[in-house]
Amino acid sequence: MSFNRVTMEPSGSTMTATSPPGNHTPNSTGNDCPWELSDKARLCRFLCYGSEGDIYTARDECRLSVESAGALLALLQEGRGCEVVEEIKRFTEDGRAVRLNPSLFALALCSQHSELKTRQAAFKALKEVCRVPAHLFSFIQYKKELKEGMKCGIWGRALRKAVSDWYNEQDAMSLALAVTKCKQREGWSHQDLLRLSHTKPAHETIALISKYVTKGWKEVQVAYADKENSEEVVKVLSYLEVVEKVKHTCDEIEVINLIEEHRLEREQLLTDHLKSKQVWRALLKEMPLTSMLRILGKMTADKVLEPGSSDMAAVCERIQNETTLKKAKIHPFSILLAIENYKRGQGYRGKTKWEPDSSILKALDSAFYKCFMNVEPVGKRFAVAVDVSTSLSSVIPGTSLSTAVAAAAITMVIARTEADAQILIYSEGALVPCTISADMTLAQVTAELVKIPSGSTDCTLPITWATENGKAVDVFVILSNNPVWTCPASPVEMLKKHRQKSGAFSKLVMCGLTSIGHAIADTEDRGLLNICGFDVGAVSIIRNLAQDLI
């Protein structure tokens with residue numbers, strides 16, 4: 001179905017009591033009954049956002065422990081450790097995980113399980129799961145914490161080999177960048193890991209980098225000064241020499257030249273270097289877009305970016321460049337958060353303040369609409385229902401984003417990318433007529449939502465409407481300020497009725513945009529999920545649920 005217009009009663013899939021079941025087949029979480037919350041489904045939730053429960057709280061990093069990973073332990077006890085490791089790999093490689101630490105913790109747990117096959121699978125997966133040094137350091141720290149209280153250490157033969165392989169299988173130039181950019185994390189350094197793993201370099205370039213990390217640059221100079229070095233070794237030596245040179249120079253021009261010629265990153269510079277506006281301007285030219293978006297306010301406050309300057313023009317061009325946006329895979333919601341944070345004119349921490357520049361805001365606005373190309377359709381039948389019974393003028397905790405703008409953006413993302421999407425607004429105990437077209441701007445959609453008077457909340461209305469009007473829905477997404485409601489019927493029971501009548505495995509996502517903790521009901525139904533607050537991670541979670549991945 002081609003999507004042209006979304007109204008309160010669009011044309012779409014109808015249902016009958018005899019419709020064939022939509023998703024009543026075993027799915028990726030291993031359930032024969034689609035709404036049964038199995039251990040595999042709980043594991044997938046844990047790997048996705050760090051909790052086996054049905055509540056995702058935006059920007060809240062869950063504390064990981066053995067006690068919070070009950071389903072993972074149960075699967076290990078059943079002898080399904082290799083299956084768990086494969087799931088960990090899928091969540092990290094496919095970008096399904098909203099937070100990566102749960103996968104690192106789970107891999108550490110698998111690597112210490114009593115079954116040999118599970119341990120071997122976990123160590124074999126180390127390089128695929130831990131793609132950068134920060135991940136590797138976190139994995140090692142989790143292993144250390146899991147061994148607390150035990151008499152044995154963590155550095156057995158298997159871990160030593162896995163860590164050695166991690167270093168030996170890296171591309172030489174990538175490793176040189178990695179060890180000079182991220183030197184230590186979580187109390188561990190590359191020097192620690194290379195020493196404790198007894199790494200024997202498999203290649204001359206790895207031997208060079210290993211000596212640099214463990215012995216220092218002076219030892220490297222002495223060792224390689226009179227040798228006839230290969231082209232690869234010379235290349236790595238030259239790069240490390242540049243890194244050392246920038247650490248020992250106070251000449252601003254030289255620092256800038258080294259940044260531009262060798263694409264050095266800010267983590268490789270000294271703190272004093274970052275006091276220079278010109279140095280920051282050089283860094284911005286090649287800085288990853290996601291990193292640049294986070295510091296636009298600071299760059300404006302420090303007058304690194306000044307109105308009408310060529311540097312400002314270059315940054316604005318990068319922000320809205322379609323190729324750059326596509327390569328960075330930035331979601332429209334990420335751009336929206338950047339817009340609202342920049343508009344705010346001050347940071348959340350410290351005293352940094354700035355006057356928002358109109359050209360940056362214009363570039364960000366352009367980027368917001370271009371980033372819809374990065375959202376791949378799920379291919380499900382969606383019903384997005386916005387509760388306007390309470391004022392949508394509140395702000396989502398931890399952001400500068402109003403709930404009205406957030407609701408409008410979420411609505412737009414689904415409306416613009418899904419072929420079968422129905423947009424509903426409800427207030428005063430009834431659905432309210434509303435027409436939202438796919439070509440409307442964010443401001444227009446927001447205005448459409450806030451013009452409706454508030455009233456009492458009843459989140460069962462969208463489900464009842466779909467059931468009574470024969471609209472088969474795969475995913476109900478209900479957006480509300482804080483879902484404290486008085487319902488004549490249970491949302492869970494209404495969802496079950498819709499499933500029964502439509503034959504579809506319908507799911508319900510309840511988003512409390514200002515909530516700090518809520519639940520639809522105490523249920524073991526895998527098709528129900530609660531989101532407290534909202535962030536880019538919440539978008540991924542809705543997508544994962546719709547695709548039966550969690």
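The values are calculated or read from the model by the stated rules, or taken from the named source; none is laboratory data. The structure displayed is predicted, hence computed values, not measured ones. Heads up, the Cβs are rebuilt from the backbone with ideal geometry, glycines too, and the neighbour counts pull from every protein chain shown. For accessibility, only protein heavy atoms count, side chains too; no ligands or nucleic acids. Shrake-Rupley method; radii C 1.70, N 1.55, O 1.52, S 1.80 Å.
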Worksheet item: If you take every DSSP beta bridge whose two residues both sit in the chain, what share of them, in percent to the nearest 5, is antiparallel?
Response: 30
Discussion item. At 222 nm, what value in deg cm²/dmol follows for the chain if DSSP H runs of at least 4 each add -39500 (n - 2.57) and the sum is divided by all its residues, to the nearest 500?
Written reply: -14000 deg cm²/dmol
Discussion item. Ranking request for peptides 492-502, 348-358: highest mean number of other beta-carbon atoms within 10 Å first, then the rest in descending order.
Written reply: 492-502, 348-358
Worksheet entry | Cα→Cβ-extended label distance, 7 Å offset, between A158 and K235, nm | 3.6
Discussion item. Report, in listed order, any pair from K40/K89; K211/K247; K183/K245; K147/K200; K329/K380; K117/K161 with a Cα-Cα distance greater than 20 Å.
Written reply: K147/K200; K329/K380
Practice prompt. Once you have the Cα-Cα distance between S174 and K327, take 0.36 nm times their residue separation minus that, and quote the gain in nm to one decimal.
Written response: 53.2 nm
Worksheet item: What are the residues whose amide H is under 5 Å from the amide H of V432, where those residues sit 5 or more places off or on another chain and H is modelled from the backbone?
Response: I425, Y426, S427
Practice prompt. Collect residues whose amide H, placed 1.01 Å from N in the peptide plane, falls under 5 Å from the amide H of E306; neighbours closer than 5 in sequence don't count.
Written response: M312
Practice prompt. Please list, in chain and number order, the residues 5+ apart from S394 or on another chain whose amide H is under 5 Å from its amide H, with Hs placed from the backbone.
Written response: T403, A404
Fill in: Computed label-point distance, nm, for sites E219 and T435 using a 7 Å Cα→Cβ extension
7.5
Worksheet item: Taking the highest mean first, how do the peptides 169-175, 334-340, 81-87, 109-115 order by number of other beta carbon atoms within 10 angstrom per residue?
Response: 334-340, 81-87, 109-115, 169-175
Discussion item. Under 8 Å for C-alpha pairs, at least 6 residues apart: give me the relative contact order for segment 169-274, rounded to a whole percent.
Written reply: 27
Practice prompt. Could you work out the relative contact order of the chain, using alpha carbon pairs under 8 angstrom and six or more residues apart, expressed as a whole percent?
Written response: 19
Worksheet item: Counting only protein heavy atoms, what percent of the accessible surface of segment 51-120 is carbon or sulfur at a 1.4 Å probe?
Response: 46
Fill in: Accessible surface, segment 97-224, averaged per residue in Å² (probe 1.4 Å)
49
Practice prompt. Evaluate E = 1/(1 + (r/R0)^6) for K343 and E36, where r is the Cβ-Cβ distance and R0 equals 56 Å; express this FRET efficiency to the nearest 0.05.
Written response: 0.80
Practice prompt. Would you please state which residues of segment 117-146 a label at E267 would reach in this model, taking the label point 7 Å out along Cα→Cβ and a backbone N cut-off of under 19 Å?
Written response: 127-142
Worksheet item: Any idea what the dipole of the chain comes to, in debye rounded to 20, about its Cα centre with Lys/Arg Cβ at +1 and Asp/Glu Cβ at -1?
Response: 840
Practice prompt. Please work out how much length the chain gains when fully extended from A207 to K285, using 0.36 nm per residue of separation minus the C-alpha to C-alpha distance, in nm with one decimal.
Written response: 24.8 nm
Discussion item. To test your reading of the geometry: what angle, between 0 and 90 degrees and rounded to tens, separates the Cα axis of helix 81-93 from the longest principal axis of the chain?
Written reply: 90
